[in-house]
Amino acid sequence: MNLASAYIPLEVQGLLQLGENFCLPPKSRDKTITDFLKSFEHSIDRLPSTSRTAVRSRAFPIIKKLPDHFFDTAATNKTLFRAAHTTSKFMAENTNIIFTKADKGNVTVALDRENYLNKMKTLLADNNT
């Protein structure tokens, strides 16, 4: 919901509407595999030492096949990456806009920074609330 005085491009609105739990698909297969292996090893280190070898042995054939796995580079992913780039650029160029989650509902709200700060100061100065 745009309560700011500036126009927000549709591509930026679309990405922001996906919400705070949305995550972009991985860009790099190699980085994804490396991150997975680091997390896997970190998790194994928490196991009792007697179980570590057995877990590694069972996981090794699966992990060995990871590089052969097809990583989707669909047009949707390219659109998402372009939207993320556009959104980052828009936010950097429009620091006078604050994006926040609405109190109710799963909605992202755009507000003028000055307007938002004035409202917050008013709320904080009110001794009755």
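The values are calculated or read from the model by the stated rules, or taken from the named source; none is laboratory data. Given the structure is predicted, the values throughout are model-derived calculations rather than measurements. Heads up, the Cβs are rebuilt from the backbone with ideal geometry, glycines too, and the neighbour counts pull from every protein chain shown.
May I ask you to list pairs of residues, at least six apart or on different chains, whose Cβ atoms are under 9 Å apart, with the first in region 18-32 being at negative phi and the second being of a type in the set (Asp, Glu) and part of a helix (DSSP H, G or I)?
Close Cβ pairs satisfying both conditions: Pro26/Asp35.
Of all residues in region 104-121, how many are out of contact with any strand residue (DSSP E or B) (no Cβ under 9 Å at 6 or more places or on another chain) and either among the hydrophobic types (A, V, I, L, M, F, W, C) or exposed (fewer than 10 other Cβ atoms within 10 Å of the Cβ) (or both)?
Within region 104-121, residues that are out of contact with any strand residue (DSSP E or B) (no Cβ under 9 Å at 6 or more places or on another chain) and either among the hydrophobic types (A, V, I, L, M, F, W, C) or exposed (fewer than 10 other Cβ atoms within 10 Å of the Cβ) (or both) number 3.
Restricting the search to region 69-80, which residues are surrounded by 12 or more Cβ atoms within 10 Å (Cβ to Cβ) and either aromatic (Phe, Trp, Tyr) or at positive phi (or both)?
Of everything in region 69-80, just one residue is surrounded by 12 or more Cβ atoms within 10 Å (Cβ to Cβ) and either aromatic (Phe, Trp, Tyr) or at positive phi (or both), namely Phe71.
Could you say whether any residue in region 87-94 is within 30 Å of Met120 (Cβ to Cβ) and of a type in the set (Val, Ile, Thr)?
Checking region 87-94: at least one residue is within 30 Å of Met120 (Cβ to Cβ) and of a type in the set (Val, Ile, Thr).
Filter region 55-106 down to residues that are in a helix (DSSP H, G or I) and under 22 Å from Ser43 (Cβ atoms), then give me how many there are.
Step one: filter region 55-106 for residues in a helix (DSSP H, G or I), giving 55-68, 75-93.
Filter once more, keeping what is under 22 Å from Ser43 (Cβ atoms): 55-67.
Looking only at that region, the number is 13.
Are there any pairs, at least 6 apart or on different chains, whose C-beta atoms fall under 7 Å, with the first in region 81-101 and at negative phi and at pLDDT below 90 and the second of a type in the set (Ser, Thr, Tyr) and in a helix (DSSP H, G or I), and if so, which?
Close Cβ pairs (under 7 Å, with a partner that is of a type in the set (Ser, Thr, Tyr) and in a helix (DSSP H, G or I)) amount to Ile98/Tyr116.
Limited to region 3-32, what total is found for residues that are closer than 11 Å to Ala84 by Cβ and part of a loop (DSSP other than H, G, I, E, B)?
Number satisfying all stated conditions: 6.
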